[in-house]
Structure formats: structure tokens, C-alpha cells
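Some notes on the structure that comes next.
What follows is calculated from the coordinates using simple rules that are stated; it is not laboratory data. Keep in mind that this is a model prediction, so the values were computed, not measured. Positions of Cβ are backbone-derived with ideal geometry, glycine not excepted, and every protein chain shown enters the neighbour counts.
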């Protein structure tokens, strides 16, 4: 099955084409405005480069949030429109789940994916890498110092683009596992693979979770 994955929870827009969970092609573009136009161009680029017709895509997935309000809405509307036009199944996936999947190392390691919630706040959810996060419960934005205070005093791997906001507390927490390069935004390719693996579970979760009201 050909599958289109669209990741718009951050300023790094990502789009990937997969077949039965295997990556065919991926593009990533950093945008601040005009995401809708970029999505159309990215899709055209992927389809032409892989010689795939839009009608061949039978599943489409996008970020359900939390994340940037405008980007999430644009990405969802784009995927929803594509789904309605082609009959492709539509699924939504949390970027927090994507970050856990990208950086998990062992079944026992605790992972904390962190997103920038804007207004100086973060959104995060600690989970054991071998576990499945309860995607039905979404964390709300909080101040970085509040997140730091509620973290356990045991080793925890901190990943995601929002971790820069808690970096000022890093020296006081030697139990934090802080690896270079693990502050990257969630990838569309990883989101697509996760959606494919859990498509039956995600089928009832089509919708958005912004984390906060639009401002």
C-alpha cells in the first residue's frame, strides 16, 4: 500500500512516501509562512521523482498534535482534503510518539520527548521506550521549570526540539541523558512507519490536539 505521511507539528515541514511501511522518498523544508503552498509543491516533487500517481496513495497520515497551531491545522486540512479527493484512509499521529520511536535505545530506558509550545513553554511526556504512550491523553503546555521539577531523579533520555528550553537546568541534573543531534524535529518518515504499524489502533483517533487555544 502506498502511504503519504505529512509532519507539520514544528516549523520543519516533512513529507514522505512509503510502501507498506518502507520509505520511498522524503523531503523536509523549514517554513514560517505559506505552508499550504509548500505542501502542494513537496507532494508534486515526491510523486514525480517516484513516478507515482496520486490515485495510488491509499493511506495518508499527518500530525495530530500537540504542536504549532497554524501548521497543524494546515497539515490536517491538506491531508483531509487529499483523503476526501482520493478515498485514501486518513490517520493522525502524535509527534511525541514519533520522537520516542526515533530515539529509543533500549526497552528499559525512559525517554522524554519535548516540543516547544511557544510563549516560553514546553509540552512533554515521559515514557519508557519499550512502552506505548497513551496517545489518548495529551500533555498540556507548561513552564520549563515546572517540567524540570516533576521529572524523576533517575536516568532519562531527553529528546526533541523543545529540550533547548530546559537546557539551563542541565548541569544540575547529571541523570539526564543528553545526546548531540537528538534535538531534531519529528520526521515524516518515522511518523509514516509508526502509522503503518499501528494503523488499526489509530483508526479512531482522527483529529487534532493543539495543546493550547490559538493566539
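Compute the Cα gyration tensor for the stretch 150-194, then decide on rounded, prolate or oblate, letting a ≥ b ≥ c be the square roots of its eigenvalues: rounded whenever a/c is under 1.5, prolate when a/b is larger than b/c in the other cases, and oblate in all that remain. Cα axes put the stretch 150-194 in the prolate bin. Per residue, the average separation of C-alpha pairs within less than 8 Å and at least 6 apart gives the stretch 33-154 a relative contact order of 19 percent. Provide the FRET efficiency to the nearest 0.05 for the residue 58-residue 105 pair, computing r from the beta carbons and using R0 = 45 Å. Plugging the Cβ-Cβ distance into 1/(1 + (r/R0)^6) gives 0.85. Summary value for the chain: 25 percent relative contact order, contacts being C-alpha pairs under 8 angstrom separated by 6+ residues. In this rough spin-label picture, where each label sits 7 Å from Cα along the Cβ direction, the residue 32-residue 118 distance is 1.4 nm. Segment residue 200..residue 84, full-extension length gain: 39.8 nm, with 0.36 nm per residue of separation and the alpha-carbon distance subtracted.
Over all directions, how big on average is the projection of the convex hull of the alpha-carbon atoms in the stretch 1-90, in square nanometres?
The Cα convex hull of the stretch 1-90, projected and averaged over all directions, gives 5.0 nm².
Among 17, 184, 96, the largest mean-square fluctuation in a Gaussian network model of the chain, built with springs joining Cα atoms closer than 10 Å, belongs to 184. Packing, as the average of other Cβ atoms within 10 Å across residues, places the peptides 160-168, 109-117 in the order 109-117, 160-168, highest first.
Of 57, 29, 158, which has the largest mean-square fluctuation in a 10 Å C-alpha GNM of the chain? Top of the fluctuation ranking is 29.
If you take the Cα Rg of the stretch 96-177 and divide it by 2.2 N^0.38 Å, with N the number of residues, what do you get?
Numbers: Rg = 11.8 Å, N = 82, 2.2 N^0.38 = 11.7 Å.
Cα Rg divided by the expected 2.2 N^0.38 Å: 1.01.
Short-range pairs are left out: with C-alpha atoms under 8 Å and at least six residues apart, the relative contact order of the stretch 96-177 is 33 percent. Listed options for Cα extents along the principal axes in Å are (1) 53, 38, 30; (2) 78, 42, 31; (3) 56, 37, 35. The value calculated from this structure is the one marked (1). Per-residue ellipticity at 222 nm from helix content only, as computed over the chain with -39500 (n - 2.57) for each DSSP H run of at least four residues, stands at -9000 deg cm²/dmol. Note on residue 22 and residue 128: their simple-model spin labels are 3.3 nm apart, each label 7 Å out from Cα toward Cβ.
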